[in-house]
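See below for the structure under consideration.
The values are calculated or read from the model by the stated rules, or taken from the named source; none is laboratory data. Note that the structure is predicted; figures quoted are calculated from it, not measured. Cβ atoms come from the backbone with ideal geometry, glycine included; neighbour counts cover every protein chain shown. Calculation scope for accessible area: heavy atoms of the full protein, side chains included, ligands and nucleic acids excluded. Shrake-Rupley method; radii C 1.70, N 1.55, O 1.52, S 1.80 Å.
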Amino acid sequence: MEVSNEPSSDGTDPAVQGNATRMHRLHNWCATRGGKMRLALGAVLGGLAALSMPPVYAVPLLFPSFIGLYWLVASSHRPRAAFGAGWAFGLGFFLVGLYWIGNAFMVDAARHALLAVPAVVGLAGFLGLFIGLTCWAHRYVVGHFIRHNSAGVGGVLIFAVLWTLSEWLRAWVFTGFPWNLIGSAWAFSDAMIQPAAFIGTYGLSLITVFVFCYPAITGESSNRERNSPWRPLAISLGVLAILWGGGAGRLSGEETAFVPDVRLRLVQPNIPQDQKWKRELRSGHVLRQLDMSLNGNGGEDNGSAALPEEKPTHVIWAETAVPYVLSQNPALLDLLARAAPVGGALITGSVRSESATNNNGRARFWNSLFTIDAAGDVISTYDKVHLVPFGEYMPLKDILPFEKLTAGAGQFTPG
């Protein structure tokens, strides 16, 4: 076959026109798939998108994922079909991104192991509804107000706004589950997450969805970008470059990176969840963290101990790091005070409670944060407000005959 290098009749470079044609063909291929194939394709694209999340951070996969999803939605004949494609995308996205939830059912495998698979699949299916509604709303708005599938940059912007709105709703509906927000894909880069200081993770999600969807307009039949298929991609990459440049510039100012006279020591003993609350091991867990707080290396000579002039001003332990009801163990405060630097504080998680006599015969418990000074006094406490379903409380407890997955039969009270 002979390929001509002569310009086309409209002056377009044949190579450029070929790229535009390929994008248009990919668009048409997505648009002409049958119902089951569209669902399968949506699920695969969602699974690819999940690989952009921690710990993989394969962010470039968001280009084919979002372009493919946008084409599936834009080519849907009815909003209902767009909902199906979006829900399938969400199913794949959350199945791959939230597989680790199954590990929680293995802490007490004898009681909960059989629930691991249905729980993960069920949660992914439920969370997929939010993406399905995003796609339904996009197809409805474009169909009723723009009245053309080839909505161009306006359609992409509407999609990005609706996606961001659905992430915000997901963070609050039924107590919320704000996990795997698309803006979190940039967590591997200190520079790229700097805009979150001004626009939050949701703002970063909006920009991310727009950037990775924008090249999709090249495949639209009536879009002028068909004659310059690389322009949308160049614009998307340019926006990312601007974000990175602004973030790097912000980090170059030392005053934004460090707080004077504050040095933190973060203590992570990596205690397995199934051992954390065992009665015979709890005191050892506390002593181990105390040793790590004072020596900086948990008793091992790995060169990580702080130098005398670099002693911490504050020591931070993890959530429920003290596996006791601290409010019922005041003597324990004297021991924990040893980890608090003079003039600073130990910040640790523990359980706080109120006796049954104060609450109509039922004791209440809170997952709390305690700030303890070197004298053993509790400076302040904070009770966790946004509790984790199934782990910290059992939703619909009066209907569902299950206990929460974590240790203890009682439930936490929202702060």
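Which residues, taken from region 315-335, are modelled with pLDDT of 95 or more and either within 19 Å of ASP383 (Cβ to Cβ) or open to solvent by 40 Å² or more (accessible area, probe 1.4 Å) (or both)?
Passing the criteria: ILE316, TRP317.
Across region 92-140, what is the total count of residues that are of a type outside the set (Ser, Thr, Tyr) and either open to solvent by 40 Å² or more (accessible area, probe 1.4 Å) or over 20 Å from SER205 (Cβ atoms) (or both)?
Residues that pass the stated criteria total 32.
State which residue is nearest to the chain's Cα centre (by Cα) when the search covers only region 353-381 and only residues that are open to solvent by 40 Å² or more (accessible area, probe 1.4 Å) and modelled with pLDDT of 90 or more.
The qualifying residue nearest to the chain's Cα centre (by Cα) is LEU369.
Please verify whether region 41-56 includes one or more residues that are assigned to a helix (DSSP H, G or I), open to solvent by 50 Å² or more (accessible area, probe 1.4 Å) and at pLDDT 95 or above.
Yes, because at least one residue in region 41-56 is assigned to a helix (DSSP H, G or I), open to solvent by 50 Å² or more (accessible area, probe 1.4 Å) and at pLDDT 95 or above.
Which one of LYS404, LYS384 is over 16 Å from HIS314 (Cα atoms), basic (Lys, Arg), crowded, with 18+ Cβ neighbours inside 10 Å and at pLDDT below 85?
Residue meeting the stated conditions: LYS404.
Would you pick out the residues in region 57-91 that are outside any helix (DSSP H, G or I) and either over 23 Å from ASN28 (Cβ atoms) or open to solvent by less than 20 Å² (accessible area, probe 1.4 Å) (or both)? Reasoning before the result, please.
Here is the first cut: in region 57-91, the ones outside any helix (DSSP H, G or I) are 57-58, 75-78.
Of everything in region 57-91, those that are outside any helix (DSSP H, G or I) and either over 23 Å from ASN28 (Cβ atoms) or open to solvent by less than 20 Å² (accessible area, probe 1.4 Å) (or both) turn out to be TYR57, ALA58, SER75, SER76.
Looking at region 81-117, which of its residues are modelled with pLDDT of 95 or more and of a type outside the set (Gly, Ala, Ser)?
PHE83, TRP87, PHE89, LEU91, PHE93, PHE94, LEU95, VAL96
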